[in-house]
Amino acid sequence: MHTRQYASEIVNELTRTVDQIAEAEAEQLVARILESKKVFVAGAGRSGLMVRAFAMRLMHMGLRAYVVGETVTPNFEKDDLLIIGSGSGETKSLVSMATKAKSIGGAVAAVTIFPESTIGQLADLVITLPGSPKDQADSGTKTIQPMGSLFEQTLLLFYDAVILRLMEKLGWDSQAMFGRHANLE
C-alpha cells in the first residue's frame, strides 16, 4: 500500500469509530464543562498530547482550563472538573489523579475505551470511545495502525467536536476565539 492509501484507510477507520460515539455521553460532558468552575485535563503519552490540544481550545473560548502537571496549573477544588483521556483507563498516575480529585470533592470525567476500568469506575461521567488498546488484544475494533493510534486520533476528533458544541452553546465563533490566541509567538 502507498502512503495515500494508508491515509485513506485511517480516515475510514476514524469514520467507523466516530459513528459509535454515544451522543448522550458527549452532551453530558459538554454540560459538565459548562457547570464547572475550572476544567483540568490529564492524559499520558499521545493521549496526553490530545488533551493538551483540547485545553488550548477551551482557553480560546475563555474557559478556565488547565493541564495537570504544568507549573501554572492552580489547585483543584470541589466545583472543578478533571477530564482524563486514557485508552486503558489503568495508567497509574492518572488513577492517582482521579482518586485525589474525588477526595477533594470535584468531578471526574473519563474518556476511555474501557468504561469498566479503574478510572472509569472512579469517574462521575464516562465517555466510551471505540479504539484499540496499545497491545490490540481483546479489542473488537480492527485497525491497520500501530498501538493506540486509532484511540488517540478518535480522542482528538471527539475533543474537537466537543469544542464545536461548546462554541454553539456559548455563541463563540472562530474569529472570537482567534482573539484569545497567543500573540507573543
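Any chance you could count how many residues in the stretch 76-115 are in contact (Cβ under 8 Å) with a residue 24 or more places away in the chain and more than 21 Å from Q153 (Cβ to Cβ)?
Total meeting the criteria: 18.
Checking the structure you have, find out if any residue of the stretch 160-180 is modelled with pLDDT of 95 or more, touching a Lys or Arg at 6+ places or on another chain (Cβ under 7 Å), under 30 Å from I10 (Cβ atoms) and part of a helix (DSSP H, G or I).
Of the residues in the stretch 160-180, the ones modelled with pLDDT of 95 or more are 160-169.
Restricting the remaining residues to those that are touching a Lys or Arg at 6+ places or on another chain (Cβ under 7 Å) gives 163.
Restricting the remaining residues to those that are under 30 Å from I10 (Cβ atoms) gives 163.
When the remaining residues are screened for being part of a helix (DSSP H, G or I), the result is 163.
Yes, the stretch 160-180 contains at least one residue that is modelled with pLDDT of 95 or more, touching a Lys or Arg at 6+ places or on another chain (Cβ under 7 Å), under 30 Å from I10 (Cβ atoms) and part of a helix (DSSP H, G or I).
Can you work out which of the residues in the stretch 1-42 that are without any contact (Cβ under 8 Å) to a residue 60 or more places away in the chain and small (G, A, S) is farthest from N75 (Cα to Cα)?
Out of the qualifying residues, it is S8.
Quick one: in the stretch 149-177, of everything that is over 17 Å from F54 (Cβ atoms) and in contact with a helix residue (DSSP H, G or I) (Cβ under 8 Å, 6 or more places away or on another chain), which residue is surrounded by the most Cβ atoms within 10 Å (Cβ to Cβ)?
In this case the residue turns out to be L150.
Mind listing whichever residues of the stretch 13-38 are farther than 19 Å from F114 by Cβ and under 13 Å from the mean Cα position of the chain (by Cα)?
Matches in the stretch 13-38: V30, I33.
Only one residue in S8, S96 is more than 23 Å from A182 (Cα to Cα) and at pLDDT 95 or above, so which one is that?
Numbers: S8 fails: at pLDDT 95 or above.
Exactly one residue qualifies, and that residue is S96.
Condition check ((1) within 14 Å of the chain's Cα centre (by Cα); (2) of a type in the set (K, R); (3) within 16 Å of Q20 (Cα to Cα)) across all residues:
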{"site": "G69", "(1), (2), (3)": "no, no, no"}
{"site": "G87", "(1), (2), (3)": "yes, no, yes"}
{"site": "T91", "(1), (2), (3)": "no, no, no"}
{"site": "V95", "(1), (2), (3)": "no, no, no"}
{"site": "I104", "(1), (2), (3)": "no, no, no"}
{"site": "T112", "(1), (2), (3)": "yes, no, yes"}
{"site": "I163", "(1), (2), (3)": "yes, no, no"}
{"site": "D173", "(1), (2), (3)": "no, no, no"}
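Quick check: is even one residue across the stretch 123-145 assigned to a helix (DSSP H, G or I), modelled with pLDDT of 95 or more and either touching a Phe, Trp or Tyr at 6+ places or on another chain (Cβ under 8 Å) or buried (at least 16 other Cβ atoms within 10 Å of the Cβ) (or both)?
no
Considering the stretch 156-170 alone, what residues qualify as being among the basic types (K, R) and either over 24 Å from I113 (Cβ atoms) or touching a Phe, Trp or Tyr at 6+ places or on another chain (Cβ under 6 Å) (or both)?
K169
What about V41, is it hydrophobic (A, V, I, L, M, F, W, C), within 15 Å of the chain's Cα centre (by Cα) and on the phi < 0 side of the Ramachandran plot?
Yes; evaluated as a whole, the condition is true for this residue.
The values are calculated or read from the model by the stated rules, or taken from the named source; none is laboratory data. All of these numbers come straight from a predicted model, not from anything done at the bench. As a convention, Cβ positions derive from the backbone with ideal geometry for all residues, glycine included, and neighbour counts pool all protein chains shown.
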